[in-house]
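Visitor: To start, I am sharing the structure in question, which I have written as structure tokens.
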Amino acid sequence: MIIIESKRKKIENILKKYPEAIIADVTSNAKDGLVKLSPFYPHGGIPVPFSHGVTAECVEGIWQGLKVFENEGIDMDMFRNNSMKNIKRTVRTHGRVLGHQKGVYSSEIMDYVTAKHQIYIPTFKWVLENKVAHIIERLKNASIDKTIVLLDYNTCCDVDSTTKPLSHAYLIKAFVEGLYPYGPKKDVITTTPTLPLED
């Protein structure tokens, strides 16, 4: 079983709730190989959706790079950021968000939910399939008879939420368990031993 909990919670409190659970930090601050599951991790060679021949270093770079603001369009420099830092583009700096551009060659702007379905989720899925398949397989096998708690800063599991950032830990869980958006919708459980899932 895979559970999603906030990285901000104390580990001892999580373990009180899920005794003997294995804690797996999948954020960009993870101290082991599980950091490769972060959307900020620079795997390189990630295809940018609707942009034939264009690749990026990380998932978050694509998401931020294709974001369109009232005062600024897309920023392809984000595609080349491999530092895991300075990737966020904010309304404070660029003005109100208008949406996400449908690739680098189009002028079509997608709303937030549509962009999650057509840009963020497919891109993250590509990484899970092509860059970290060995970690996903270990996680899948371990979750058969153990409780695995994935730590993420965002814990929203509603793919279609218009207000909250989607948890990438949920996308990992969904991929492993065949949940929406990779399969039919099912109930999702959200809410230190360390699993040797890393290389």
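Since every read-out is calculated from the coordinates, none of them should be taken as a lab result. Small disclaimer: the values here were computed from a predicted structure and weren't measured. In this analysis, Cβ positions are derived from the backbone assuming ideal geometry, glycine residues included, and neighbour counts consider all displayed protein chains.
Visitor: For segment 81-107, list residues with backbone N below 17 Å from a point placed 7 Å from the Cα of Thr162 toward its Cβ?
Guide: Residues 97-100 qualify, since their backbone N sits under 17 Å from the label point.
Visitor: Using only the Cα atoms of segment 46-122, each taken as one equal point scatterer with no solvent, compute I(q) by the Debye sum, divide by I(0), and report log10 of the ratio at q = 0.12, 0.23 Å⁻¹.
Guide: These q points yield log10 I(q)/I(0) values of -0.27, -1.06.
Visitor: Let me ask something else about it. Treating only the Cβ of Lys, Arg, Asp and Glu as charged (+1, +1, -1, -1), what charge dipole size does the chain show about its Cα centre? Round to the nearest 20 debye.
Guide: Once rounded to the nearest 20, the dipole reads 380 debye.
Visitor: Which listed residue (Ser83, Val68, Ile119) has the Cα farthest towards the positive end of the charge dipole for segment 46-122, taking +1 on Lys and Arg C-beta and -1 on Asp and Glu C-beta about the Cα centre?
Guide: Checked the options; the winner is Ser83.
Visitor: Measuring from label point to label point, each 7 Å out along Cα→Cβ, what is the Asn86 to Trp126 span in nm?
Guide: 2.5 nm
Visitor: Return the loop-located trypsin sites (Lys or Arg not before Pro) in segment 64-99 (DSSP other than H, G, I, E, B) with at most 16 other Cβ atoms within 10 Å of their own Cβ; answer none if there are none. If you can, show how the numbers build up before the last one.
Guide: Numbers: sites: Lys67, Arg80, Lys85, Lys88, Arg89, Arg92, Arg96; in loops: Lys85, Lys88, Arg89, Arg96.
Here the trypsin sites (Lys or Arg not before Pro) that fit, given the DSSP loop and packing criteria, are Lys85, Lys88, Arg96.
Visitor: In the chain, what % of DSSP beta bridges are antiparallel (nearest 5)?
Guide: The answer is about 40 percent antiparallel.
Visitor: Given +1 on the Cβ of Lys and Arg, -1 on the Cβ of Asp and Glu, and no further charges, what dipole in debye does segment 46-122 carry about its Cα centre, rounded to the nearest 20?
Guide: 200 debye
Visitor: Binned at 5 Å from 0, what are the whole-percent values of the Cα-Cα distance distribution for the chain, short to long?
Guide: Result returned by the calculation: 1, 8, 16, 20, 20, 15, 10, 6, 3, 1, 0.
Visitor: Do any of Lys31/Lys102; Lys10/Lys125; Lys102/Lys125 go past 27 Å between their Cα atoms, and which?
Guide: Lys31/Lys102; Lys10/Lys125
Visitor: Cα to Cα, under 15 Å, and not fewer than 8 places away if on the same chain: which aspartates and glutamates meet these conditions relative to Lys36?
Guide: Asp25, Glu57, Glu60, Glu129, Glu137, Asp152, Glu198, Asp199
Visitor: When only DSSP loop residues count, what GluC sites (Glu not before Pro) in segment 48-148 have their Cβ near at most 15 other Cβ atoms within 10 Å?
Guide: In loop regions of segment 48-148 (DSSP not H, G, I, E or B), the sparsely surrounded GluC sites (Glu not before Pro) are Glu70, Glu72, Glu108.
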